[in-house]
Amino acid sequence: MIDLIKVSKAYPPDVQAIADVSLTVTRGEIVFLTGMSGAGKTTLLRLISRMEKPTKGMVDVAGMDVIKLPQSSIHLLRRKVGMAYQDFKLLPERTVADNIAIAMEVVYRPRSFIEKRTRELLELLDLTRKYNTRAGELSRGEQQRVSIARAVANGPEIVLADEPTGNLDAETTARVMALFEQLHRKGATLIIATHDRSLFEDTPHRVIELRFGRVLSRSEAGKDDGPAPFEAPPALFEETGA
Amino acid sequence: MRFWIVVLRHTCRNMLHTWKSQGMTLFTVSLSVLIFSFFYLVYVNALHVGERLGDDLRLVVYLDEEPAPPLQEEYRHKILKFDQVDRIEFIGREQAYKRFERILGENSDVLTGVPTDFLPASIEVYPVRTLDSLSRIKRFSDYLQTLPGVLKVQYGKEWIERFYAFIQLMRVIILLSGSLLIMTTTFMVAHTIRLTLFARQQELELLRLVGATDNYIRMPFLLEGALQGGIGACCGLGALLLLYNWITLQFAGPAAIPLPAFAFFQWPVIAAIIGLATLLCVAGSFSAIRRFLHF
């Protein structure tokens, strides 16, 4: 699903964010990317979503050569990849519902579907009361959840989450992880960049540690047949056509 | 269909967010269209007047000798070589006398004893009644003057030259007002769209990140430009129609000064002006988004 071959990314004048990283993520896999701040986690996610181009190497996502992808076709990649950003990238003047709806509007979902899906996601993330609240008025934790809701709204094949629980308490963290597990069960591929060790301590999934832009260690994925470590609320994702 | 609904919704939202600058742009486009179309209307009507006046237009070339048929052919050939004409008539001395006698009517007895060949033979040249012919009449006259055996060339010099000067002035004004129209519509629209783009910069960046196509992002701005051009042109032409009706009413009635037949634009011209303004505004909009969104 995602192949990175000897990928490097340098920023001027001489900052080596990623150096010779090779990584393969198979369809339906969950991978935790960990490492200290500045290890290159965010850069790696940005390379996968083509927010950046690598200095060298090859990035292949869902059968698309991300580097050679022309500007006019980037939307094809972005529709397959839902990304929850570390800085949230919300529109502060627009309501929470508008912020989530924007991802569905660009793929021309009907209004009724968008409204239903938005309410569903807000309920899952305990934000129902914030439906009409302006995003700028939310706490950082709430903003983070809205960003996650927007990333998963279209049921993308790949979800990239950059520090998705950085501002959340334990209970809300569990809700977010339950949402990710639900997506995983539906076949989505997830890469979660975090330095919160509690998220992956007992995980059966693969954990990749980055340091100074290089892969420091890889833990093998355990058998993933058993119950998910985070309990998902019932009927998280009904068949809404997403 | 859903694409256009979304585009329309975005366009309306953009226009509402920047309604003040939208209003200013609409006003400017309307005013530019009004100025341009006013002068164009005057010009078109002046051309009609020119065509009517041209009915009586002829060049009379007086000759020292009555030309024999071969010479007449030569004259005809030389005249046609210079310009296309409606018709050429050769008037002999006797024919000129008879015509003069007819003009004198009851007073024709003053001609008693005057030889019938005292008037010179002439060639009457009727130019094609187009503005181009009118504009070339002076040069045509100068050319005819150079033909062998020509004594003098006469035409309604004064009014033609004044009329032609007026038409020339109108052409310059139309060019200037046309340039004004192009500049204001293109620059004002581009400026307004740029304001909208700045206001929505964060949203546009996000739209790209969540998978919006280039068309999804740019189409609302192009539609905004088209609406500004279309609505602005309609307002400008509407104002011109009101002005036209007011002038017509002011000069209507038996006691009023008779005006030459003054007509408003035909539908194709109206459609062309609206289309042109719309196109210019779309171009302005396109230039702004191209620079800003790097398409």
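The values are calculated or read from the model by the stated rules, or taken from the named source; none is laboratory data. Since this is a predicted model, take the numbers as computed values, not measurements. Backbone-built Cβ (ideal geometry, glycine too); neighbour counts: all protein chains shown. Ligands, DNA and RNA are excluded from the accessible area calculation, which covers all protein heavy atoms including side chains. Shrake-Rupley method; radii C 1.70, N 1.55, O 1.52, S 1.80 Å.
Details
- Amide hydrogen proximity for B:Lys152: with H placed 1.01 Å from N in the peptide plane, the residues at 5 or more positions away or on another chain lying under 5 Å are B:Tyr62.
- Relative contact order for chain B, counting Cα pairs under 8 Å that sit 6 or more residues apart, in percent: 31
- Cross-link pairs exceeding 31 Å between alpha carbons, from the set A:Lys9/A:Lys116; B:Lys98/B:Lys152; A:Lys53/A:Lys130; B:Lys98/B:Lys138: A:Lys9/A:Lys116; A:Lys53/A:Lys130.
- Per residue, the accessible area of chain B comes to 56 Å², computed with a 1.4 Å probe over protein heavy atoms only.
- Antiparallel content of DSSP bridges confined to the protein assembly as shown, in %, to 5: 65
- Counted charge near A:Gly136, where neighbours are those whose Cβ lies closer than 10 Å (Asp, Glu -1; Lys, Arg +1): 0
- Euclidean distance between Cα centres, the stretch B:169-213 to the stretch B:2-38, Å: 10
- In chain A, helical runs assigned H by DSSP with n ≥ 4 each contribute -39500 (n - 2.57); averaged across all residues and rounded to the nearest 500, the mean residue ellipticity at 222 nm is -8500 deg cm²/dmol.
- The residue list B:Thr28, B:Leu16, B:Val282 was ranked by how far each Cα lies along the charge dipole of chain B toward its positive end, using unit charges on Cβ atoms, and B:Leu16 comes out on top.
- Under the criterion of Cα pairs below 8 Å and six or more residues apart, the relative contact order for chain A equals 27 percent.
- Theoretical FRET efficiency, 1/(1+(r/R0)^6), r = Cβ-Cβ of A:Ser112 and A:Thr133, R0 25 Å, to 0.05: 0.70
- Three-way shape call for the stretch B:58-154 based on the alpha-carbon gyration tensor, with the a/c threshold at 1.5: prolate
- Centroid-to-centroid separation of the stretch A:159-188 and the stretch B:54-88 [C-alpha atoms, Å]: 97
- Other residues within the sphere of radius under 11 Å centred on the Cβ of A:Ile158, judged by their own Cβ, net out at +2 (K and R +1, D and E -1).
- Range in chain A, longest, excluding exposed GluC sites (Glu not before Pro) [loop by DSSP; at most 16 other beta-carbon atoms within 10 Å]: A:94-200
- Annotation: amide H of A:Val215 has no partner in the under-5 Å range at sequence separation 5 or more or interchain, hydrogens built in the peptide plane.
- Span-like helix criteria (full DSSP H runs; alpha carbon extent of at least 15 Å along the helix axis; mean Kyte-Doolittle hydropathy of at least -0.5) are satisfied in chain B by B:2-17, B:19-53, B:157-199, B:214-250, B:267-293.
- Mean projected area in nm² (Cα convex hull; one quarter of hull surface) for chain B: 23.7
- By the helix-only formula, in which each DSSP H run with n ≥ 4 contributes -39500 (n - 2.57) and the sum is divided by residues, chain B has a 222 nm mean residue ellipticity of -24500 deg cm²/dmol.
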